[in-house]
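Input: a single structure, listed below in structure tokens.
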Amino acid sequence: MARIVLTGGAGFIGTHIIVEAITQSHEVLVIDNFVNSSPKALDAVKKIVGQDFEFLDADLCDEGKIKHVFEKFKPDFVIHLAGLKAVGESVEKPILYYEQNILSTLSILKAMDNCGCKVIIFSSSATVYGEPQYLPLDESHSFGPTNPYGKSKLFIEEILKDWAKADASAKAICLRYFNPVGAHASGLIGEDPQDIPNNLFPYVAQVASGKREFLSVFGNDYDTPDGTGVRDYIHVCDLAEAHIAAVENSQNIEGWDAINLGTENGCSVLEIKDAYKRMSNRDIPYKIMPRREGDVGSCWSTSAKAKTLLGWEAKRDLEDMCSSSWKFQSKHPNGYDDN
Ligand code: UD1
């Protein structure tokens, strides 16, 4: 049993990690300030796991408070997910993104140093690679994030590298997510964007439920089998399991390391639309639109390193991703605040 602080625990990925951590008998302290999430998500988690857990409503940049709660909880591990993540907004408000994402990480590292916590698992992103030079992407691919959100992930990885270098017993595990989608099988927790969804899956879910009229397909002239963008979609429950695998196999990591989390499979926008249509039994009207600025044609991952170091690989397929997403969407047509 490990004691885990989970930052950003009320979000899409965080809620699924709490479920997995508690199911595997770990003790969690969740920290969130609901800037981009709802307290109702945590109520739903409690319903799934049938028990309560420790929670703190706090801004991670509040160093004094964070230091104090770490001293009290004495974590063995920190899973750090909290952060701003809207690509477009990060271009408009770069300083906000750097300030929030980087200062919160520094505050956590200080609190860890103060209480002797040696392992941090960081929520990074495949976006650090930028335009793929070859596929599948592996962890030694060159970097080239194209926006402040992606750069903040890369900068934090570098900070963690230096932090881990300075202490022989410290470990920093950067998990580079590909495209997390889907929902818990109960349909009680899932992705609940506060605004118009930027990402494909939540947008398709809202078209299926009738909340949005049609899907805009951003470009059908990419060099892919059907011309639409190809991505490596990974089920959020697989992703959650990878974090707990990182906790349980941290002895395999030396100092700092980065590990891709994907499925080794690419799916196109039209394939997603068709699968979602099948699993939801709803019509999904769509229109072909121009390419979205900054998008690449194809992106998918190798999972070799995750398999070797974490003993983890993705188990769930595209049908699971669509059917679970639909279960959450149909139970919560207007998100958590609906009921
Ligand atoms: C996006 C972010 C990335 C972030 C990731 C998190 C951008 C440019 N990149 O990646 O930094 O880490 O989400 O999951 O925002 N699409 C449509 N119509 C839509 C929405 C998307 O056709 O309404 C297409 C896109 O062109 C792309 C695919 O669907 O081909 C996936 O898009 P999305 O879900 O936004 O993910 P990424 O662009 O891969």
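Any read-out appearing in this document is the output of simple, stated calculations on the displayed coordinates, not a laboratory observation. Remember, predicted model here, so these are calculated numbers, not experimental data. Counting neighbours? That spans all protein chains shown, and the Cβs are built from the backbone with ideal geometry, glycine included.
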Can you tell me the order of 163-172, 241-250 when each peptide is scored by its average per-residue count of other Cβ atoms within 10 angstrom, highest first? 241-250, 163-172
Rounded to 10°, Cα long-axis angle of helix 12-23 versus longest principal axis of the chain: 60
If I model the chain as equal point scatterers sitting on the Cα atoms and use the Debye formula, what is log10 I(q)/I(0) at q = 0.07, 0.11, 0.14, 0.16 Å⁻¹? -0.27, -0.68, -1.15, -1.54
What is the range 188-242 by shape, rounded, prolate or oblate, if you read a ≥ b ≥ c off the alpha carbon gyration tensor as root eigenvalues and call it rounded for a/c under 1.5, prolate for a/b larger than b/c, and oblate otherwise? oblate
Taking a straight Cα-to-Cα line shorter than 21 Å from residue 46, and setting aside same-chain lysines fewer than 8 residues away, one finds 327, 331
All-pairs alpha carbon distance profile, the range 1-108, 10 Å steps from 0, percent: 14, 47, 30, 8, 0
Virtual spin-label span in nm between residue 254 and residue 25, 7 Å along Cα→Cβ: 3.2
What is the dipole size for the range 27-168, taken about its Cα centre, with +1 at each Lys and Arg Cβ and -1 at each Asp and Glu Cβ, in debye to the nearest 20? 100
Student exercise, the range 166-285 dipole from Lys, Arg, Asp, Glu Cβ charges, in Debye to nearest 20: 420
For the range 190-339, diffusion coefficient by Stokes-Einstein and Kirkwood Rh (Cα), 4 °C, 1.567 mPa s, µm²/s: 77
Acute angle (nearest 10 degrees) that the helix 94-115 long axis makes with the longest principal axis of the chain, alpha-carbon atoms: 40
Taking the Cα atoms of the range 114-237, report the difference between the largest and smallest coordinate on each principal axis, in whole Å and largest first. 54, 38, 24
Collect residues whose amide H, placed 1.01 Å from N in the peptide plane, falls under 5 Å from the amide H of residue 286; neighbours closer than 5 in sequence don't count. 215
Which angle from 0 to 90°, rounded to the nearest 10, does the C-alpha axis of helix 39-49 make with the longest principal axis of the chain? 80
